[in-house]
Amino acid sequence: MPASSDAHPDPTPATPAPPPPTPSDTDTTTTDTAPGADSHADADARPYRGGDPYADYRGSEFPFAALVDLADRRLGGGVVAANDEFFAERENLLLPGPATFDPRAFGHKGKVMDGWETRRRRGTGADHPFPADGDHDWALLRLGVPGVVHGVVVDTAHFRGNYPQRVSVEAAAVPGTPSARELLSDAVRWEPLVPPTPVRGHAANGFAVDAERRFTHLRLCQYPDGGIARLRVHGTVVPDPEWLGLLGTFDLASVVHGGAVEDASDRFYSPPTNIIRPDLARQMDDGWENRRRRERGSHDWVRFRLAGHGEIRALEIDTAYLKGNAAGWAAVYGCDATAADPADEASWYEILPRTALRPDSPHRFRLAAPATATHLRLDVYPDGGIARLRAHGALTATGQARLVERYAALTD
């Protein structure tokens, strides 16, 4: 993302193309023009010829991509195991940010790629040089925050002629911290989210998912082999109510506890979801920064849904690394959706009055009395960045009961 609030927004991916048609296993058959011809040349990207490697990247916008990435490494996601990572390590799949490409980077095993890349599979002999139809490579992933998956993006950036022919994604719900051996045992039930489906090279391949269940782990397969740069798993967090009950007081707005961004006035430089991440900001674009507002009498805002019906006792607003572009003032409002409609402006009440903020600084506010709410709205005046917002408190009996009910409905 830009390092300055006056910079242009990140140009990557450049020149977005229309999303690929929805493929199926039946649309991969074409007629070869010559023995050994590539029957999937239409999915290939052109070889890299120099210049911006993202200039011909086939990007797409997916509605579900506004949701939190459940597999985000910064939220605790991890690649537990892979059957092969000869050319490029499996851990690259979950790295934040777009994949990079250095045309001059070569190592002892070949081209250094920013992604997960396996060796080329072979058949049984000279008479059958190609791998069997079902042959594939796999990687096991632990979601950083368990939840309901609404969509996945299999990004093959910079894998132009060495991307997989097809991919599939399966999910499972396994308690605790299982090992790779435990995940591969017959005791684990894997549910298909994306069946084996053709993908394009050097492209964002997005798949909407309709599976109303809470998952903890994924299995990504590529057929028969190849490279994948990044995997993004977008969805809604479903925390364990027993764990939250043990914690007692916690950050009701945090994404790891089920908090979510419902809407925002501006997403120009960086996403507002950053505000409710559990870690501390490490640089300016780790928070939320909007563009410069010029219309007098207006301001920017973010609306959050809390982990549940709760009582807020203290607030934190952090402007870390935002120095010449921090918000000047902030106010916080609450709404109790169990008794009022958040769409009605009159339903919102003041929790923190408009308060001056200092750049690159933490701000802590103890509330005079607990504020009961299901939603929060952070208003910033007139514009500017916020690194983190914390809403410390506890679930009410109503909030705990509803979370227990939802958790039970989404688990076995």
Simple label model, 7 Å out from Cα along Cβ direction - Thr355 to Ala409, nm: 3.5
Over the range 308-389, relative contact order from alpha-carbon pairs under 8 Å, at least 6 apart, %: 52
Share of carbon and sulfur in the accessible heavy-atom surface of the chain [1.4 Å probe, %]: 52
Between the range 233-257 and the range 121-174, how far is it from one alpha carbon centroid to the other, in angstrom? 30
Accessible area in the full protein assembly, largest first, 1.4 Å probe, for Leu247, Leu322: Leu247, Leu322
Could you give the semi-axes, largest first, of the ellipsoid that matches the chain, computed as the square roots of 5 times the alpha carbon gyration tensor eigenvalues and rounded to whole Å? 42, 26, 17
Among Gly393, Gly226, Gly76, determine the one that fluctuates most according to a GNM of the chain built with springs between C-alpha atoms less than 10 Å apart. Gly76
Any idea what the alpha-carbon Rg over 2.2 N^0.38 Å comes to for the range 54-131? 1.43
How high is the relative contact order of the chain, in percent, counting Cα pairs under 8 Å that sit 6 or more residues apart? 16
More than 11 Å apart - percent of Cα-Cα pairs taken over the range 98-140: 75
In degrees, nearest ten, helix 397-410 long axis to first principal axis of the chain (Cα): 10
Solvent exposure of the chain as accessible area per residue, Å², 1.4 Å probe: 49
Two pseudo-spin positions, 7 Å from Cα along C-beta at Arg121 and at Arg49, lie apart in nanometres by 3.3
Taking 8 Å as the Cα distance limit and 6 or more residues as the minimum spacing, I'd like the relative contact order of the range 306-353 as a percentage. 32
Charges at C-beta only: +1 for Lys and Arg, -1 for Asp and Glu. How large is the resulting dipole of the chain about its Cα centre, in Debye rounded to 20? 1020
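The values are calculated or read from the model by the stated rules, or taken from the named source; none is laboratory data. None of the values given here were measured: they were computed from a predicted structure. Glycine also receives a Cβ, built like all others from the backbone with ideal geometry; neighbour counts cover every protein chain displayed. In case anyone asks, the SASA skips ligands and DNA or RNA and just uses the protein heavy atoms, side chains included. Shrake-Rupley method; radii C 1.70, N 1.55, O 1.52, S 1.80 Å.
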